């Protein structure tokens with residue numbers, strides 16, 4: 001940890017907990033301490049850690065063909081693209097190396113579609129307060145939070161922000177000069193805030209009325225996390241483009257931008273590129289990840305664990321003086337701290353880690369849980385027990401301390417809300 005502080009760029013908080021290995025939903029640090037990982041690498045380790053099937057695929061592919069650049073095609077990229085097209089609205093796929101790059105590509109493609117209409121002034125983009133789309137200049141321009149943006153101003157111009165889940169605010173922002181509207185079906189970094197279905201339906205109508213493209217950023221909430229293969233399926237609203245990343249590469253850098261017929265028809269060779277786009281190793285692993293998540297039985301198991309987790313979080317929120325309520329959708333959940341206790345989020349994360357559970361903050365008041373999609377009922381119960389003990393240990397002294405472990409272990413999934 002001392003070496004990390006001396007050698008790595010100071011844009012990350014150092015020193016950090018150093019993880020040595022993982023298996024399933026669990027990870028171990030260099031001292032052999034075990035933790036239940038309910039961050040899953042910020043939704044990357046959707047299938048858990050230490051997957052020998054993914055390791056075998058990577059080993060075989062690396063020994064066969066490790067790279068070929070955009071100059072040539074490769075079968076793993078084609079196989080993954082075919083799966084994404086077959087199971088979604090998309091006509092074509094562009095492969096990137098991260099969610100940021102997938103969003104950057106979507107922004108460029110939206111400008112190309114608008115330009116192909118002959119309207120040189122149709123360049124405006126609408127995004128939402130609380131949203132997060134990445135850290136390159138284009139993606140950052142669509143990310144509202146000032147502490148991400150201010151050090152790098154001026155950013156790419158032409159972005160207008162509206163209030164999330166406020167259709168009237170969006171209506172004031174979208175106009176005939178708008179080329180695209182970017183939105184997360186569930187805001188992740190903004191505090192695990194699900195979109196209202198009517199809000200997304202309204203955005204679809206606004207985009208149609210103004211000849212703009214609707215872009216869903218599913219980098220964190222997509223690929224099974226909501227209990228459906230794609231988040232848009234959970235909402236019943238079809239976008240014009242959709243961006244993916246985090247779980248897609250099974251731990252390798254891999255993102256994708258899914259394109260409707262209209263977008264695909266506007267693109268020409270040379271308008272975008274990337275040396276690592278569609279790399280055979282990442283895509284070979286991605287094929288396996290996709291095949292596992294796309295199984296109906298797998299998605300049903302995700303939905304059952306989501307009900308279990310949310311029911312427990314609702315119980316915790318009702319019993320702790322620190323918390324207001326739970327919020328989220330699927331296996332993307334958070335427990336919200338009351339306004340007077342928002343600063344305790346750091347303490348909750350640290351205390352939970354000391355007790356063997358890894359969670360993370362999101363937004364100003366949320367403690368976020370992003371378990372592997374393969375988590376078991378016992379692991380969900382363990383997480384709820386630790387989180388209950390954590391909140392009890394941190395509650396104000398004037399409240400009588402009491403264990404909430406037993407009251408928060410759900411022995412049978414019940415029909416609890418998950419949004």
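One table, with the values for the structure above:
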item: Segment 265-281 residues near the modelled residue 79 label - backbone nitrogen below 15 Å, point 7 Å along Cα→Cβ; result: 279-281
item: Pairwise Cα inverse-distance average, inverted: Kirkwood Rh of segment 161-310 (Å); result: 16.8 Å
item: Tilt relative to the chain, helix 280-293 - C-alpha long axis, 0 to 90 degrees, to 10; result: 60 degrees
item: Neighbour-count ranking [beta-carbon atoms within 10 angstrom, fewest first] of 350, 338, 246, 122; result: 350, 338, 122, 246
item: Degrees, to the nearest 10: 345-354 long Cα axis against longest axis of the chain; result: 60 degrees
item: Quarter of Cα convex hull surface for segment 109-182, i.e. mean projection, nm²; result: 4.9 nm²
item: Inter-centroid distance (Cα atoms) of segment 12-29 relative to segment 224-247, Å; result: 29 Å
item: Nitroxide proxy distance, nm - points 7 Å out along Cα→Cβ at residue 8 and residue 168; result: 4.6 nm
item: Residue 129 paired with residue 63, simple spin-label distance in nm, labels 7 Å along Cα-to-beta-carbon; result: 5.7 nm
item: Overall Cα dimensions of segment 1-40, principal axis frame, Å, largest first; result: 31, 20, 10
item: Rounded Å value of the spacing that divides the Cα centres of segment 53-117 and segment 160-185; result: 28 Å
item: Burial ordering of 12, 293, 112, fewest other beta-carbon atoms within 10 Å first; result: 12, 112, 293
item: Distance cut-off 30 Å, percentage of C-alpha pairs in segment 52-293 lying past it; result: 23 percent
item: Taking the convex hull of Cα positions in segment 319-394, its mean projected area over all directions (nm²); result: 4.7 nm²
item: Between helix 99-116 and the chain: long-axis angle, C-alpha atoms, 0 to 90°, nearest 10; result: 30 degrees
item: Per-pair calculated FRET efficiency, R0 = 35 Å: residue 343 and residue 70 via Cβ, rounded to 0.05; result: 0.15
item: Spin-label model distance (nm) - residue 108 vs residue 31, 7 Å beyond Cα toward Cβ; result: 4.6 nm
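We did not get these values from a lab; they are worked out from the coordinates using the rules stated. This structure is a prediction, so every number in the text was calculated from the model and none was measured. Quick reminder, even Gly has a Cβ in these numbers, built from the backbone with ideal geometry, and neighbours come from all protein chains shown.
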